[in-house]
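Peer 1: First the structure, then my questions, so here it is.
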Amino acid sequence: MRLVLVGPPGAGKGTQAQFIAEHLQVPKISTGDIFRANVSEGTALGRKAKSFMDRGDLVPDDVTVDMVRDRLADSDAAVGFLLDGFPRTVPQAETLDDVLREAADAKLDVVLELVVDDDEVIRRLSGRRTCRTCNHIWHVDFDPPQAEGVCDLDNGELYQREDDKAETVANRLHVYADQTAPLVAYYAERGLLVGIDATGPVDDITSRALHALRPFGAARTED
Ligand code: AP5
Ligand code: MG
């Protein structure tokens, strides 16, 4: 299955991407994770992306699109993929359509929108902690690790993202409304959009997501 997750910052894209991709047995491709890995390794790509990310602005389309084109050419993406955080502008969506058509005569199967309001986003982002080694996402109140600051899965150090400061979150929400929300109409017009309520317990949202994806080819699971 070729699937895109769309939703505002803090909607739970990364949290859900992990479970959905495992279930569908496709690679999870998160542009935010790829950029952050490049920033922490100090690569040329990371140096280009850092100032945009720190402000909560989008990294320019040309940089982002080349990175995704390369990643989609890897052999594991031939069976399908789950994109988390890409596309994020209408030009990125148009380029993705072109890349799939040119490389594999393929199309997206479905775009899953995670719907949450701004107040919930702010609660989620202010308490997020991420594992430095495995990228697992925790929350100090909603999904706390057993020991503060330590990942339960691999004992990695948990850190708070630079762009989760209140003023940067406000800009990210503004950027989402301005540049990314138009994608919802773009995909709805093409009959690819399915939206779910992304509030409530994480497991319930995963079940809701898999249920919504069934008509597009996700294998049946327990309800
Ligand atoms: P990116 O990393 O993609 O950030 P984002 O879209 O702002 O989304 P987040 O990762 O903040 O939120 P999420 O929806 O993944 O939520 P999560 O699961 O973590 O991008 C970062 C930056 O990179 C961008 O600002 C931009 O600069 C650049 N970039 C990336 N892609 C780009 C592109 N295509 N073009 C240009 N630039 C690009 O959950 C959040 C918190 O909530 C966690 O603590 C989690 O534990 C908690 N939580 C999750 N679900 C629930 C629940 N059901 N109940 C309670 N808490 C929950
Ligand atoms: Mg994320």
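Peer 1: Which of the residues spanning the stretch 109-129 are assigned to a strand (DSSP E or B) and touching a Phe, Trp or Tyr at 6+ places or on another chain (Cβ under 6 Å)?
Peer 2: Val110, Val111, Arg129
Peer 1: Shifting gears a bit: For residues that are of a type in the set (Ser, Thr, Tyr) and without any contact (Cβ under 8 Å) to a residue 40 or more places away in the chain, tally how many sit in the stretch 115-147. Give the steps one after another, and end with the answer.
Peer 2: Step one: list which residues in the stretch 115-147 are of a type in the set (Ser, Thr, Tyr), which gives 126, 130, 133.
After this cut, where a residue has to be without any contact (Cβ under 8 Å) to a residue 40 or more places away in the chain as well, the list is 130, 133.
Qualifying residue count, the stretch 115-147: 2.
Peer 1: Among the residues of the stretch 25-49, count how many are more than 9 Å from ligand 1 (Cβ to nearest atom) and either of a type outside the set (Val, Ile, Thr) or in a helix (DSSP H, G or I) (or both).
Peer 2: Residues in the stretch 25-49 being more than 9 Å from ligand 1 (Cβ to nearest atom) and either of a type outside the set (Val, Ile, Thr) or in a helix (DSSP H, G or I) (or both): 14 in total.
Peer 1: Give just the number: which of (1) of a type in the set (Gly, Ala, Ser); (2) in a helix (DSSP H, G or I); (3) within 22 Å of Ile20 (Cβ to Cβ) does Ala106 not satisfy?
Peer 2: With respect to (1) of a type in the set (Gly, Ala, Ser); (2) in a helix (DSSP H, G or I); (3) within 22 Å of Ile20 (Cβ to Cβ), Ala106 is out only on (2).
Peer 1: Within the stretch 51-70, count every residue that is surrounded by fewer than 18 Cβ atoms within 10 Å (Cβ to Cβ) and either under 22 Å from Lys165 (Cβ atoms) or charged (D, E, K, R) (or both).
Peer 2: Residues meeting the conditions: 10.
Peer 1: Pairs needed: first member in the stretch 79-100, under 16 Å from Val63 (Cβ atoms); second member anywhere, aliphatic (A, V, I, L, M) and part of a loop (DSSP other than H, G, I, E, B); C-beta distance under 7 Å; at least 6 residues apart or different chains.
Peer 2: Once the first residue is under 16 Å from Val63 (Cβ atoms) and sits in the stretch 79-100, its partners that are aliphatic (A, V, I, L, M) and part of a loop (DSSP other than H, G, I, E, B) give Arg88/Leu58; Thr89/Leu58.
To keep it simple, each residue is scored yes or no on (1) within 16 Å of ligand 2 (Cβ to nearest atom); (2) within 14 Å of the chain's Cα centre (by Cα); (3) surrounded by fewer than 15 Cβ atoms within 10 Å (Cβ to Cβ).
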residue	(1), (2), (3)
Asp74	no, no, yes
Ala77	no, no, no
Leu82	yes, yes, no
Glu102	no, no, yes
Gly149	no, no, yes
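Peer 1: Read through the list (1) at pLDDT below 95; (2) loosely packed, with under 15 Cβ neighbours inside 10 Å; (3) touching a Lys or Arg at 6+ places or on another chain (Cβ under 7 Å), then give the number of the only condition that Asp163 fails.
Peer 2: Asp163 satisfies all of (1) at pLDDT below 95; (2) loosely packed, with under 15 Cβ neighbours inside 10 Å; (3) touching a Lys or Arg at 6+ places or on another chain (Cβ under 7 Å) except (2).
Peer 1: Determine whether the stretch 16-27 contains at least one residue that is closer than 22 Å to Asp118 by Cβ and within 16 Å of ligand 2 (Cβ to nearest atom). First the steps, then the outcome.
Peer 2: Quick first cut of the stretch 16-27, residues closer than 22 Å to Asp118 by Cβ only: 16-17.
Narrowing further to those that are within 16 Å of ligand 2 (Cβ to nearest atom): 16-17.
Yes, some residue in the stretch 16-27 is closer than 22 Å to Asp118 by Cβ and within 16 Å of ligand 2 (Cβ to nearest atom).
Peer 1: Consider Gly10 against the criteria (1) part of a loop (DSSP other than H, G, I, E, B); (2) away from ligand 1 (no atom under 11 Å from the Cβ): it satisfies all of them except one. Which criterion is unmet?
Peer 2: Only one criterion is unmet by Gly10, namely (2).
The values are calculated or read from the model by the stated rules, or taken from the named source; none is laboratory data. In this text the structure is predicted, and so the values were computed from the model without any measurement. Please note: Cβ atoms are built from the backbone with ideal geometry, for glycine as well, and neighbour counts cover all protein chains shown.
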